[in-house]
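Please read the structure below before turning to the comments.
No value in this document is a laboratory result; all are computed from the given coordinates. These numbers were taken from a predicted model, which means no experiment stands behind them. Here the Cβ positions follow ideal geometry from the backbone for every residue, glycine too, while neighbour counts run over all protein chains shown.
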Amino acid sequence: MKRITVYGAGSWGTALADLLARKGHQTTLWCRRPEQARAINSTGRNPDYLRDSDLSPSLEAVPDLKEASGASDLHVCAIPTQSVRSFLGEAKPFWPEDARLCNVAKGIEITTGLRISQISSGIIPRCRYSVLSGPSHAEEVIAGKPTAVVVASAIPGEAELWQDIFSGRSFRAYSSDDVPGVEIGGAVKNVIAIAAGIAASRDMGYNTLAALASRGLAEVMRLGARCGAHPLTLAGLAGVGDLMVTCFSDLSRNYKLGKAVGEGMSLEEAMRSLGQVAEGAYTVDALVRHAREIGVELPLTEAVHRILYDGVSPECMVGSLFGRELKPELPPEMYWGREKNQNV
């Protein structure tokens, strides 16, 4: 049995805290709002997220960050990406310098273009960082439906530690050392899911959805190649797997956001209608700027950005994508491990 604190009592943090508590770990769920913590402790349910799910009786919710930090040796961060920097600054005084941290959020910081591992290393340099990602809707995890994810760390043994902690009868974690690949797959797929939701709302058809997902994967891989990710990571759970579940499921917040925008809502109206954070709406802004800086072409991401922030219509998005210069499906830089002119 391990002592673990999960920070962030949204849907994903709540589902993982319940999963860990039911595995027998001494689990604390940190809530930013005291009234939310009181409600969880008194009713056994989260009043704001996954409201109909009974939580493990052993799960304790705590609103005090110092108390929550001191209750555990292991830390799971389920804080939305754009708030991670401020949260880590708050938590740093209460954590050891080499704190074991597993991040489960997905996204890229807008102001800097940094991944969460890079934010973490800048604030807590000696932190033993891991990241968990993959096709994993919180609603299905808390219902006990079979789920597979991947957990990655650059530090030997850390991914395997978290793999053992999370894995159980209906939740299986695979280990990896490819932190950039797992983080990029989890971040970019949210943007592609918005495009899929927009296309679905306009009844563009399954051919279009399949094309968007496939070409979205090409963008994940192009960015991943530039950032040092391994291509097989992006062909696995953190890439293809997460892309599939996010682009074709009504449980996906980013897919629902895209549908709302496609049906005529403004971005602000769509965000309010969700009542939860859809990271893709923020990640797309960071990706567009970062990709331009490092010279990576992301046409689908650019198109989503124009729809969300410039008011361009979805039909114009399709027109611009299909009107681009004709190219090979895989450009030369995508052929990892192959000679450019090799006959195969």
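As a rough footprinting exposure proxy, the listed residues Phe87, Phe166, Phe322 were ranked by other beta carbons within 10 Å of their own, and the order from fewest upward is Phe322, Phe87, Phe166.
For helix 81-91, report the angle its Cα long axis makes with the longest principal axis of the Cα atoms of the chain; keep it between 0 and 90° and round to the nearest 10°. So the inclination is approximately 30 degrees. When only Cα pairs below 8 angstrom with a gap of at least 6 residues are kept, segment 93-223 shows a relative contact order of 20 percent. State, as an integer percentage, the relative contact order of segment 188-296 based on alpha-carbon contacts under 8 Å between residues 6 or more apart. Reported as a whole number, the value is 41 percent. For the chain, relative contact order (Cα pairs under 8 Å, six or more residues apart, normalised by length) works out to 14 percent.
Note on segment 180-334: with charges restricted to the Cβ of Lys and Arg (+1) and Asp and Glu (-1), its dipole about the Cα centre is near 100 debye.
By the count of neighbouring beta-carbon atoms within 10 Å, fewest first, Leu330, Leu243 end up ordered Leu330, Leu243.
Between Asp54 and Arg33, the FRET efficiency estimated from the beta carbon spacing at R0 = 25 angstrom works out to 0.75.
Listed from fewest to most Cβ neighbours within 10 Å, the set Asp285, Asp250 follows the order Asp250, Asp285.
Cα centroid separation, segment 173-201 to segment 99-138: 14 Å.
Pairs of Lys residues in the chain, spaced 8 or more positions apart or belonging to different chains, with C-alpha separations under 24 angstrom: 17 in total. Separation of segment 1-70 from segment 253-304 is 29 Å, based on Cα centroids. Farthest towards the positive end of the charge dipole of the chain, among the residues Gly275, Gly24, Val296, is the Cα of Gly24, using unit charges on the Cβ of Lys, Arg, Asp and Glu.
Across segment 180-334, Cα-Cα pairs more than 26 Å apart make up 18 percent of the total. Length, then width, then depth: along the principal axes, the Cα atoms of the chain run 58, 46, 37 Å. Against the chain, whose longest principal axis comes from its Cα atoms, helix 11-22 is set at around 50 degrees.
The per residue volume of the convex hull around the alpha-carbon atoms of segment 3-177 is 103 Å³. Placing +1 on each Lys and Arg Cβ and -1 on each Asp and Glu Cβ, with no other charges, gives the chain a dipole about its Cα centre of roughly 260 debye.
Working note: Debye formula, equal point scatterers on the alpha-carbon atoms of segment 219-266, no solvent; log10 I(q)/I(0) at q = 0.23, 0.30, 0.33 Å⁻¹ is -0.79, -0.98, -1.08.
Which value, in debye to the nearest 20, describes the size of the charge dipole of segment 1-121 about its Cα centre when Lys and Arg Cβ atoms bear +1, Asp and Glu Cβ atoms bear -1, and nothing else is charged? Spell out each step's value before the answer.
Details: 15 positive and 13 negative charges, 36 e Å.
Computed about the Cα centre, the dipole is about 180 debye.
What does the net charge come to around Ile165 if you take all other residues with beta carbon closer than 13 Å to its beta carbon, with K and R at +1 and D and E at -1? Working shown, then result.
Details: positive: Lys2, Arg3, Arg22, Lys23, Arg100, Arg172; negative: Asp73, Glu158, Glu160, Asp164.
Taking every Cβ under 13 Å from that of Ile165, the sum is +2.
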